[in-house]
1. Please determine, in degrees from 0 to 90 and to the nearest 10, the orientation of helix 2-34 with respect to the longest principal axis defined by the Cα atoms of the chain, where the helix direction is its Cα long axis.
2. Taking a quarter of the surface of the Cα convex hull of the range 96-153, what do you get in nm²?
3. So if each residue of separation counts as 0.36 nm, and I subtract the Cα-Cα distance between residue 108 and residue 77, what length gain in nm does that give?
4. What Kirkwood Rh does the range 78-221 have if only Cα atoms enter the pairwise 1/r average? Answer in Å.
5. For the chain, with a Gaussian network of springs between Cα atoms less than 10 Å apart, report the residue from 51, 120, 227 with the top mean-square fluctuation.
6. Taking 0.36 nm per residue of separation and subtracting the Cα-Cα distance, what length does fully extending residue 87 through residue 220 add?
7. In Å and on Cα atoms, what radius of gyration and Dmax does the range 167-286 show?
8. What FRET efficiency do you get for residue 285 and residue 124 if R0 is 30 Å and r is their Cβ-Cβ distance, rounded to the nearest 0.05?
């Protein structure tokens, strides 16, 4: 019995010793971390933001982060300096600028990160060959060290085409086939390309009036909405799916041009009706 009591007392004593050690740990850790170098770096190593190429200036943010010394102790303010890598294809002042006008950011006292804000100029974005901005952290004050794995940030500047072809046009359609050739060829009318949003558009008569008010309306009773077509425009390319002329599907004419001239704004749409073979090339000139 005495032996059992001695063992029990020993176990309880050990437990009390452990409890005291645990209580002391935060103070010891705080003292230790007070002399541990702070580690700073980019929160990400790569980023690929995309901006609408509408001529706007777009602000983009990445964080420079304090990785060490912040669990049990306060930290001083830390200024982090960075450089533009010479292999960057993006050019300062043309493709981007730093919002604060400098190549440094300061992590405020008792904070864990600071935002690096960059303005990107959408009018200079190259959609087909995106430019790249590479930033390297060069130094930091208050004895902070740079984490080698967090030292570099590579930003690929992607673009999304801005579509704005809605408006009034003078359209001339030259037909490859319709039932009454050579009459009514070509046909010319003024028409609206109606913007539906998100790069979608509608024309009320793809045939320049043949279906809505011309010979087809007289002979077959087609009307104002018989040949409505909804199409999309993306980076100068015109395309559509699921459209009809009331008799069957209307599709892009094989080998035809379906595009927007970037310089003149002229829209060319080449179409083919699968039911009876009507086809034509419609050229829309902005009014």
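Please treat every number below as a calculation from the coordinates, not as lab data. Every value quoted in this text rests on a predicted model; they were computed, and no experiment measured them. Here the Cβ positions follow ideal geometry from the backbone for every residue, glycine too, while neighbour counts run over all protein chains shown.
1. 60 degrees
2. 5.3 nm²
3. Roughly 10.7 nm would be gained on extension.
4. Radius from the Kirkwood sum: 20.6 Å.
5. 227
6. In short, 41.3 nm is gained.
7. That works out to 13.2, 40 Å for Rg and Dmax.
8. Calculated value: 0.55.
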